[in-house]
Amino acid sequence: MVMLHLFRNYSSGDIIVAHFDHGIRENSALDAEFVRQKALEYGCKFYLGQAKLGNHASEATARESRYNFLRKLARELGDNGQPTKILTAHHLDDLAETMAINLIRGTGWRGLAGLDTTGILRPFLEPDFFAQVQPGQTIWNKHDILRYAGEYQIRFREDQSNSSDEYLRNRIRHQMNNLVDLERVYQLWRRQKKIKKMIDEAVSHLIPEADSEWQRSWFKQLDDIPSHQVALELLRAGTLRADIATTRPQLEDLRQAILNYAPGKSFNLPGDRLLRLDKHSFKL
């Protein structure tokens, strides 16, 4: 609601409000109606996505469903084949929580560069994005947002599940208050994003062209402890280009299959995809 207020009052661009009702909480339809009414009040177009995920749905399932809706809508509303921009209101506390969750789950170095998704803009995490509104304000944490909401009497709805320790994110949030130097977390995140960009650009020049063969011998040469991380980065880039979403453990299983499977055997990839391994090569 604060981000919408900022853009509605200080931006000249067209604003579209998109809300996704996950169907997890019984009263989630009230959230959707609240957002619809606010969009109407501001004179913004409103789009609603809906699912019935149920109250046992994981955060990952909810996130995937939400972003699938947003990306599909962005493509449909785009111009000349370019999707319209997607903006979300993630703030500094969200960033710290996400990095902590990723570290706990052992997601590797990329976990420190979370909330860096292609096609998604996060104004509250971009220095000076709202500098003309709040002089001296660079990045926003939850306290900054609540203070702004109070100053301008902005109504909002709180997800009641935020108070439940059933979810890992909430348990981290409740333990993290006043214990974390958010500025240092932010600087670490900025550095990791920069490193990630450099690695992704380098790897994109190393992987074979689309529909070209990958040599199994490459992965035998990259089988020592430091080098197998390079192998995983190559496979990650290749599977992403082939529109195959993989986790790090799945990539490691694929690497092991490339090293050890007999010629002619197939490896199951996510999305009901099969990878056939020939004696010396394979294709992604």
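Structural remarks
- Residue within the stretch 79-99 that is in contact (Cβ under 8 Å) with a residue 24 or more places away in the chain, on the phi < 0 side of the Ramachandran plot and part of a strand (DSSP E or B) present: yes
- In the stretch 224-240, the condition of being at pLDDT below 95, farther than 17 Å from G108 by Cβ and surrounded by fewer than 14 Cβ atoms within 10 Å (Cβ to Cβ) is met by at least one residue.
- D79 crowded, with 18+ Cβ neighbours inside 10 Å and of a type in the set (D, E): no
- Tallying residues that are touching a helix residue (DSSP H, G or I) at 6+ places or on another chain (Cβ under 7 Å), in a helix (DSSP H, G or I) and farther than 26 Å from T61 by Cβ within the stretch 245-284 yields 3.
- Identity of the residue in the stretch 100-133, of a type in the set (G, A, S) and over 30 Å from Q82 (Cα atoms), that ends up surrounded by the fewest Cβ atoms within 10 Å (Cβ to Cβ): G106
- Single unsatisfied condition, Y67 versus (1) part of a helix (DSSP H, G or I); (2) touching a helix residue (DSSP H, G or I) at 6+ places or on another chain (Cβ under 9 Å); (3) of a type outside the set (D, E, K, R); (4) at pLDDT below 95: (2)
- Boolean, F46 is at pLDDT 95 or above, aromatic (F, W, Y) and either assigned by TED's automatic domain parsing to the domain that holds D181 or not in a strand (DSSP E or B) (or both): no
- Residues that are part of a helix (DSSP H, G or I), under 24 Å from L259 (Cα atoms) and of a type outside the set (A, V, I, L, M, F, W, C) within the stretch 185-226 comprise D200, S204, H205, R216, S217, K220, Q221, listed in sequence order.
- From the list N141, N170, the one residue that fits, being in the same structural domain as G108 (by TED's automatic domain parsing), among the polar types (S, T, N, Q), surrounded by 15 or more Cβ atoms within 10 Å (Cβ to Cβ) and at pLDDT 75 or above, is N141.
- Screening Q153 with (1) free of Cβ contacts under 8 Å to residues at least 40 places away in the same chain; (2) assigned to a helix (DSSP H, G or I) gives one miss only, at (2).
The values are calculated or read from the model by the stated rules, or taken from the named source; none is laboratory data. Owing to the predicted nature of the structure, the values given are computational and were not obtained by experimental measurement. All Cβ positions, glycine included, derive from the backbone under ideal geometry; neighbour counts span all protein chains shown.
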